Every structure is written in structure tokens, then in C-alpha cells.
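Written below as C-alpha cells is the structure these notes are about.
A short reminder: the numbers here are calculations on the coordinates, not readings from a lab. These figures come from a predicted structure and were not determined experimentally. FYI the Cβ positions are ideal-geometry reconstructions off the backbone, even for glycines, and counts take in every protein chain you see.
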Amino acid sequence: MDHIDALIVSHGQPSLPDPAEAALADYVTKVQAHMPDLRLGSATLARPGSLEAQLAKMSPGAVVYPLFMSDGWFVRTCLAGRLGDAPYAVMTPFGMDPALPGLAAAGLRAEGWNDGDPLLLVAHGSGSGRHAPARATYDFADLLAAALSDAAISVGFLEQSPTIPEVAKALPDNILCLPFFAMEGDHVREDVHEELGACAFKGRLLPVISQLPGVDAMVAAAISAELTGARKAASA
């Protein structure tokens, strides 16, 4: 049996788990291309048994990479609870990688963003009042603004205030909209489009941030660095 050096985990789609599981596997294939000497696995929390099946294949010293935007409930409580006593380090979530704002800035410029242009950042937020999702979004927005010459970035959420329509209705027609989501699931394909349509948004909706150029290589670099550091520490 091939053993897994790192497991990339995302939320998935509870109402329809298989397509989201396949989409994550496709994304992990892109990350795998940057690290041919290591073996990656993938699992969504939503597909029953997926995480547990992958954990059974993990190598000693393997790591878990959360493809989540914040270190909130899903990472600290749900994922941690599912891992139990499994001896695998959980890495910093995808959305909090310090390299992400710079890559997003480069991707936005490639999409036509110019100095002085405003930007709309849309995110999930938390309908239950948890602070981590909004905090991670605003932290990212601040870092992205700095990488874009102090750009004016407006933030709107699906599940908390300020909502996407509340923010987007006051923005110019030619604005770019960047979804601060790890995967393009139903929240982006349906909910974000519906919210933007509710305010007659006339800007351009970009792919989710994980699909921007260089981001899959960023994930690979983070995993490689984590494994290298762990192995050096173990051999010291």
C-alpha cells in the first residue's frame, strides 16, 4: 500500500458529497505535480468515511493540511475531533498562509486590476456568531490591500453582516470580485451568484482564490517545508 505523506482536507458538500470529493482530488493532483517525491491524499469532512480511510494510509510523521480559510470551528473542533489521537500535525489553514496575499495580488493584476481600482472580496462568514471566519477575511483583506498599493477593498459575507448585496450595491460597475473560498462549491456557484444578482452587480466575478496562478504551488511549498522541518526535528 502506498503511504500518504500529507493529507489535504476540505469541508466538502454535505448534501452532495461525491462531486466535492472528486473536485478536491482533482485539485490535489495539481498540488502533487509540484512535489513528485511525496505522496498526497485528499478527503472531505462531508463524505462519510473518507477522512478515516485516508488516515489509515498515513505514514509516520505525516501532516494534515486544512484547505480552509480560517482556523475556526471546522479546523479547531470538527477536524480535530475527527482526528482524535492520531499523531499527525495539523498545519496552518490555507487561507492564513502568509504567501497567499502576494499571489492573489499578482493574480488580480493579471486579471486586469490596476492601481487605484476598488475590489470586492466576498467570503462565507459565520451565521452562528463565530469570530474566526470574519477575522481571517479582514486580516487577508488588509494584507492584500498592502500588496496592491493600499487598494480600497470592500468585504461582503454570505452569512453575516455586512452582506454581499449591502456592500456590492454601492460599488462601480467595472469592479472585480474575488471569492475568498477554498473550493468552488455550491456556496460560490449558487449562493454568491444569487447574492450578486440580488443587487444587479455588473462587475466581474473571478475564480475562487485557490484557482489563481501559483496558489497550488504555494500549497505544495507549505507542505514540503512542514515535512522538512518535522523530519529535521525528529532526527536532531
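Net charge around Arg135, counting only other residues with Cβ within less than 12 Å of its Cβ (Lys, Arg = +1; Asp, Glu = -1)?
-2
So which lysines can Lys57 reach, going by Cα to Cα under 27 Å and dropping same-chain residues fewer than 8 places off?
Leaving aside lysines fewer than 8 places away in the same chain, those within reach of Lys57 are Lys30, Lys232.
Given the convex hull of the Cα atoms of the chain, what is a quarter of its surface area in nm²?
Average projection, Cα convex hull of the chain: 13.2 nm².
Given Cβ point charges of +1 (Lys, Arg) and -1 (Asp, Glu) and nothing else, what value in debye, to the nearest 20, does the dipole of segment 1-60 about its Cα centre take? Don't skip to the answer; put the middle values down first.
On the way: 4 positive and 7 negative charges, 11 e Å.
Dipole about the Cα centre, nearest 20: 60 debye.
Rounding to the nearest 20 debye, state how big the charge dipole of the chain is about its Cα centre with +1 on each Lys and Arg Cβ and -1 on each Asp and Glu Cβ. It would help to have the intermediate numbers written out before the result.
Numbers: 15 positive and 27 negative charges, 90 e Å.
It comes to approximately 440 debye.
Please work out the C-alpha center-to-center distance from segment 162-197 to segment 48-79 and express it in whole Å.
Each part's Cα centre sits 28 Å from the other's.
Considering the Cα positions of segment 100-211, please state its Rg to one decimal place and its Dmax as a whole number of Å.
For segment 100-211, the Cα-based Rg and Dmax read 12.8, 36 Å.
Taking 30 Å as R0, compute the FRET efficiency from the Cβ-Cβ separation of His34 and Arg231 and round it to 0.05.
0.95
Please list, ordered by chain and number, the residues whose modelled amide H lies under 5 Å from the amide H of Arg39; skip anything fewer than 5 residues away on the same chain.
Asp5, Ala6
Put +1 on the Cβ of each Lys and Arg and -1 on the Cβ of each Asp and Glu in the chain; which of Gly197, Tyr27, Ser224 then has its Cα farthest toward the positive end of the dipole?
Result: Ser224.
What are the membrane-span-like helices in the chain by this rule: whole DSSP H runs, Cα extent along the axis at least 27 Å, mean Kyte-Doolittle hydropathy at least -0.5?
215-235
Among Leu55, His124, Met96, whose Cα sits farthest toward the positive end of the charge dipole of the chain (+1 at Cβ of Lys/Arg, -1 at Cβ of Asp/Glu, about the Cα centre)?
Of the options given, the answer is Leu55.
Want the number for His193 to Asp139: 0.36 nm per residue separation, take away the alpha-carbon distance, what's left?
That works out to 17.0 nm of additional length.
Name the residue farthest towards the positive end of the dipole of the chain from the options Gly84, Met69, Phe140, assuming +1 on Cβ of Lys and Arg, -1 on Cβ of Asp and Glu, about the Cα centre.
About the Cα centre, the residue reaching furthest to the positive side is Gly84.
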